[in-house]
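*Asks:* For reference, the structure I am asking about is given below.
Just so it is clear, none of the values below were taken in a lab; they were calculated from the coordinates. Just so you know, these numbers come straight off a predicted model, no measurement behind them. With ideal geometry, Cβ positions are generated from the backbone for all residues, glycine too; neighbour counts draw on all protein chains shown.
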Amino acid sequence: MRGRCLARHGEPDRGCHLSRRLRQQLPGGPEDLPASGGADRAHRARHEQDTYPWLFVSVSSYSPFARQSIVQTVLMHSLFMCRFFPTKANRRMRQIAAEIERILKGIIAKRENALRAGEATSDDLLGLLLESNMAHTRAGGNSKAGITTDDVIGECKLFYFAGMETTSVLLTWTMIVLCMHPEWQDRARDEVVHVFGDRTPDYDGLSRLRIVTMVLYEVLRLYTPLTALQRKTYRPTELGGVRYPAGVVLMLPLLSVHHDKEVWGADAHEFRPERFSEGVSKASVDAPAFFPFGWGPRICVGQNFALLEAKMGLAMILQRFSFDLSPSYTHAPFTVGLLQPEHGAQVRLKRLQ
Ligand code: HEM
């Protein structure tokens, strides 16, 4: 069963280390990049090719699976512009957006009134955000010190979109992969039953699940929900020996890094949770190379919560069911915002006695 999960895309990887690959995009080395624009046409053409859509020139060196995913991501971004056309679907989308905004404004106003009246709001994220914002505004002595209602609405939307589908696709891929590797399904179930029996999983027990954690990490590596991150230079920036002018969009192809044989070894495309048996830092040759939650100041604020949620969900499923893939399942990882199974996840669950 090993390696079956990516078999459809199983061409050999010709990948190399990311920073070296970045440098290789520039035929004449870093000096080839002008600080802004280009003097002659040929220079400008190469400059534009090397900087703006540099991922187009670089994807050819990635594995077909990673390449397909990157191209899908770029196409998605191009299609994003189509939302401004006055089509029926776009009008409906705007109506729904306005309705969501109206509902959220109502909820926020109700909570703020309750806070002003000294009533405790429920102990949830929105309550905490509004409480802290109000305290900040009072301390600052003016209404502009805190964030606006539109900002609060933005935060609500961000947490919903960033937090819901990501964890849901992680669980979906985990179910699929555990169907493909029943020996790991058994090992994960044995551990869950050993720790919890048939009790509802609790926080302490979940943090003791070693096999389940390894499985989730390996799924996050192979089927990284957010396949790429983007950053834009806001001033001339040097990166890996390359000088970029301001306004360049750089893409960190997480999925490609997670599938790089130089970083993860010859079995990079295979499902081998044991590579995480000594933790994340020892799993790859070239640490750190595991970025499912991003890195640096913008790292996912919900990563611990996401893993807790995924462990809880998976533990409860493993306690109650065994599962395998339906013959109608077709393996086709596909980027639609996040990495999804294109034709759905047809999994058959059998209740355990
Ligand atoms: C498997 C689940 C998840 C994955 C793979 C994931 C992945 C990521 C990644 C890669 C980023 C960084 C984006 C960037 O740098 O541009 C991010 C940011 C973020 N995530 Fe998650 N996430 C997950 C679950 C969650 C959950 C459950 C929540 C909330 C409860 C959450 C809330 C956020 C927020 C608010 C940000 C923005 C942080 C900022 O910009 O400072 N995520 N996530």
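*Asks:* Label points 7 Å out from Cα along the Cβ direction at SER281 and ASP150: separation in nm?
*Replies:* 4.4 nm
*Asks:* Compute the Cα gyration tensor for the stretch 74-186, then decide on rounded, prolate or oblate, letting a ≥ b ≥ c be the square roots of its eigenvalues: rounded whenever a/c is under 1.5, prolate when a/b is larger than b/c in the other cases, and oblate in all that remain. Working shown, then result.
*Replies:* Values: a/c = 2.75, a/b = 1.44, b/c = 1.91.
Oblate, because a/c is 1.5 or more while a/b does not exceed b/c.
*Asks:* By the scheme Lys and Arg +1, Asp and Glu -1, what is the net charge of all other residues having a beta-carbon under 13 Å from that of ARG208?
*Replies:* On the way: positive: ARG210, LYS311; negative: GLU191, ASP202, ASP204.
Net of charged neighbours comes to -1.
*Asks:* Then there is this: Dipole size in debye (nearest 20) for the stretch 292-353 around its Cα centre, Lys and Arg Cβ +1, Asp and Glu Cβ -1? Display every interim value, and only then the final one.
*Replies:* Numbers: 6 positive and 3 negative charges, 48 e Å.
So the magnitude is around 240 debye.
*Asks:* Right, here's the next one. At q = 0.17, 0.24 Å⁻¹, what log₁₀ I(q)/I(0) does the stretch 201-294 have when each alpha carbon counts as one equal point scatterer in the Debye sum?
*Replies:* -0.80, -1.17
*Asks:* Once fully extended, how much extra length lies between ARG348 and PHE159, figured as 0.36 nm per residue of separation less the alpha-carbon to alpha-carbon distance? Let's see the in-between values first.
*Replies:* Numbers: separation 189, 0.36 × 189 = 68.04 nm, distance 3.12 nm.
Value of the extension gain: 64.9 nm.
*Asks:* Let me ask something else about it. For a test of the definition: using alpha carbon positions, the gyration tensor, and the 1.5 limit on a/c, classify the stretch 178-222 as rounded, prolate or oblate. Please report the intermediate quantities before stating the final value.
*Replies:* Working: a/c = 2.79, a/b = 1.47, b/c = 1.90.
Taking the square roots of the gyration eigenvalues as a ≥ b ≥ c, the stretch 178-222 is oblate.
*Asks:* Let me ask something else about it. Semi-axes of the stretch 261-338's equivalent ellipsoid from the Cα gyration tensor, sqrt of 5 times each eigenvalue, largest first, rounded to whole Å? Provide the component values of the computation, followed by the final result.
*Replies:* On the way: eigenvalues 125, 75, 51 Å².
Each semi-axis is the square root of five times an eigenvalue, giving 25, 19, 16 Å.
*Asks:* Quickly rank 307-318, 228-239 as a protection proxy: mean count of other C-beta atoms within 10 Å, highest first.
*Replies:* Details: 307-318: 19.9, 228-239: 13.3.
Order by mean packing, descending: 307-318, 228-239.
*Asks:* Okay, next question. As I understand it, the dipole of the stretch 188-243 uses +1 on the Cβ of Lys and Arg and -1 on the Cβ of Asp and Glu, about the Cα centre. Which of PRO201, VAL212, ALA228 lies farthest toward its positive end?
*Replies:* Of PRO201, VAL212, ALA228, it is ALA228.
*Asks:* What FRET efficiency comes out for the pair ALA98/LEU239, r = Cβ-Cβ distance, R0 = 51 Å, nearest 0.05?
*Replies:* Numbers: r = 41 Å, r/R0 = 0.80.
With R0 = 51 Å, the Cβ-Cβ based efficiency is 0.80.
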